[in-house]
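The values are calculated or read from the model by the stated rules, or taken from the named source; none is laboratory data. These numbers come from a predicted model, not from an experiment. As a convention, Cβ positions derive from the backbone with ideal geometry for all residues, glycine included, and neighbour counts pool all protein chains shown.
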Amino acid sequence: MNETSGKVLVTGGAGFIGSHVCEKLVAEGFEVVVLDDFNDYYDPAIKRQNLEPVKDRLTVVAGDLRDRGLVDELFAKSGFTSVIHLAARAGVRPSIADPRLYFSTNVDGTLNLLEACRANGVKHFVFASSSSVYGVNPKVPFAERDLIERTISPYAATKLAGEQMCSNYSHLFGIRCVCLRFFTVYGPRQRPDLAIAKFTDAISKGMQIDRYGDGSTARDYTYISDIVAGVMAAFRYDKSDFEIFNLGGSATTTLTDLIGLIEEATGQAAAIRQLPDQPGDVPRTYADVSKSAAFLGYEPQVPIREGIKRYVEWWKNSVPNTP
């Protein structure tokens, strides 16, 4: 589907990634409807502010994916041509504390959307999955064809379940489903609970940061503009009815090096409190993006040092009480 117009539902559109995707869709002339429950995982006012630049050019519906009646009614009256499903309860550690919330939102909510697509003839569905599904995969970099035998958090399990439901609905009902495994997305407007946001705030204010483990855990950090480019390419993908793609930076950065880059960008040294490893955290993530390059033309453009520099600059200009 080489989309150039249409009506798009973006779930979680007021969030970090969602708001950037909405801006891009609006700029390209799409009619956009956002479905977001504005829950209190972090301050809902931040989410409303995320949409401020485009609030007059899209429609916002406040509602919960778990509300089947609301979802069915929204689809029946809206005439969507496609769905970009970014809404989820996010985070590995909170999912361990409250797995029922994660399964009800991420699994039942995704099922409600897929059922609504089936009932209303919506034939294109982009699903935000996660690199967490790879679990303790010993092979690096992680490739979409790798055998996934063991996820290690409820959050990862819900994302893998979402991929499998997409596979079912593609096969049974002809809905083109493109699943995107995001690798540690960061950049302007990122969630305040994420490491780069927390570290930047604390280091800039001379406060202590928590470092879990010995600093050797490594992540493939992906700048938000690269993720948006990948989402838009997946949105337009029309070569097969079901695919899974990695969207990552295709490089790894250890926790110790990440802290060093933030120190460099802020010009201040970090005061570190050493803590044990966290249950559910994988030792490393690293995206093989060769499939995404071949099928989507995806090529990450922003390396981690430049991305951290951009984020810190945005933070200094946007966050209250910053130096």
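Tabulated data
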item	result
Residue selected from the range 281-315 under the condition in contact with a strand residue (DSSP E or B) (Cβ under 8 Å, 6 or more places away or on another chain) and of a type in the set (Lys, Arg), by the criterion farthest from LEU247 (Cα to Cα)	ARG310
Some residue of the range 255-264 being in contact with a Phe, Trp or Tyr (Cβ under 6 Å, 6 or more places away or on another chain), modelled with pLDDT of 95 or more and either among the β-branched types (Val, Ile, Thr) or over 20 Å from LEU160 (Cβ atoms) (or both)	yes
Scan of the range 274-294 for residues that are among the hydrophobic types (A, V, I, L, M, F, W, C) and either under 26 Å from VAL136 (Cβ atoms) or under 20 Å from the mean Cα position of the chain (by Cα) (or both), ordered by number	LEU275, VAL282, ALA287, VAL289, ALA293
Neighbours by Cβ (under 6 Å, 6+ apart or cross-chain): first from the range 3-32, more than 18 Å from PHE125 (Cα to Cα); second in a strand (DSSP E or B) and of a type in the set (D, E, K, R)	ALA14/ASP36
Residues of the range 89-131 satisfying the condition of being closer than 20 Å to GLN278 by Cβ and of a type in the set (A, V, I, L, M, F, W, C)	ALA90, VAL92, ILE96, ALA97, LEU101
Residue ranges of helices (runs of 4 or more DSSP H) in the range 28-147 with at least 1 members in contact with a helix residue (DSSP H, G or I) (Cβ under 8 Å, 6 or more places away or on another chain) and farther than 22 Å from GLN190 by Cβ	68-78, 99-103, 109-120
Residue within the range 82-104 that is among the β-branched types (Val, Ile, Thr), within 19 Å of the chain's Cα centre (by Cα), closer than 21 Å to PHE127 by Cβ and modelled with pLDDT under 95 present	yes
Unique match (being within 22 Å of VAL302 (Cβ to Cβ) and without any contact (Cβ under 8 Å) to a residue 60 or more places away in the chain) among THR254, THR217, THR222	THR254
Filtered residues of the range 237-254 (kept if under 29 Å from LYS123 (Cα atoms) and within 18 Å of the chain's Cα centre (by Cα))	GLU243, ILE244, PHE245, ASN246, LEU247, GLY248
Subset tally (residues that are within 16 Å of LEU255 (Cα to Cα) and either touching a residue at least 60 places away in the same chain (Cβ under 8 Å) or part of a loop (DSSP other than H, G, I, E, B) (or both)) for the range 281-323	10
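Here is a yes/no grid of residues against (1) surrounded by fewer than 18 Cβ atoms within 10 Å (Cβ to Cβ); (2) among the aromatic types (Phe, Trp, Tyr); (3) farther than 23 Å from LEU194 by Cβ:
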| site | (1), (2), (3) |
| --- | --- |
| SER82 | no, no, yes |
| ASP98 | yes, no, no |
| GLY109 | no, no, no |
| CYS117 | no, no, yes |
